Amino acid sequence: MKMIIVIVKDTDADILTQAFTANSFRVTRVASTGGFLRSGVVTMLLGVEEAQVDAVLQTVRDSLPPKPDQKRATIFVVPVQHFEQI
């Protein structure tokens with residue numbers, strides 16, 4: 001299992017959330033602040049099986065096309081040693 005952490009500007013968060021849910025990925029959104037001038041960002045957390053990682057990354061690429069000289073998302077893929085729902 002992998003934890004995917006996606007950090008995007010708050011203006012892109014709704015588009016990406018809708019894309020994740022349309023592709024049957026469950027996502028948790030956390031409002032956060034960071035970067036230059038303390039701009040509003042959203043951190044999204046997705047727990048997926050390893051085979052789904054590429055599909056999640058492609059969803060981000062498809063939903064947030066590149067803009068000149070501007071990064072649209074920062075993504076971390078982290079291994080999960082233990083997962084449990086109670």
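The values are calculated or read from the model by the stated rules, or taken from the named source; none is laboratory data. Just so it is clear, the structure is predicted and the values come from calculations on it, not from any experiment. Please note: Cβ atoms are built from the backbone with ideal geometry, for glycine as well, and neighbour counts cover all protein chains shown.
When residues in segment 1-35 are screened for being more than 13 Å from Leu45 (Cβ to Cβ) and not aliphatic (A, V, I, L, M), 12 of them pass. Residues in segment 28-47 that are more than 11 Å from the chain's Cα centre (by Cα) and of a type in the set (S, T, N, Q): Ser32, Thr33, Ser39. The strands (runs of 3 or more DSSP E) located wholly in the chain include none with 1 or more residues which are among the acidic types (Asp, Glu) and in contact (Cβ under 8 Å) with a residue 12 or more places away in the chain. Counting the residues of segment 20-66 that are over 23 Å from Pro79 (Cα atoms) and touching an Asp or Glu at 6+ places or on another chain (Cβ under 7 Å) gives 3. Restricting to segment 48-67, and then to whatever is surrounded by 17 or more Cβ atoms within 10 Å (Cβ to Cβ) and within 16 Å of Met3 (Cα to Cα), can you tell me which residue is farthest from the chain's Cα centre (by Cα)? It comes out as Gln52.
Residues checked against (1) modelled with pLDDT of 95 or more; (2) closer than 16 Å to Ala55 by Cα:
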| residue | (1), (2) |
| --- | --- |
| Thr11 | no, no |
| Ile15 | yes, no |
| Gln18 | yes, yes |
| Val30 | no, no |
| Thr33 | no, no |
| Phe36 | no, no |
| Gly40 | no, no |
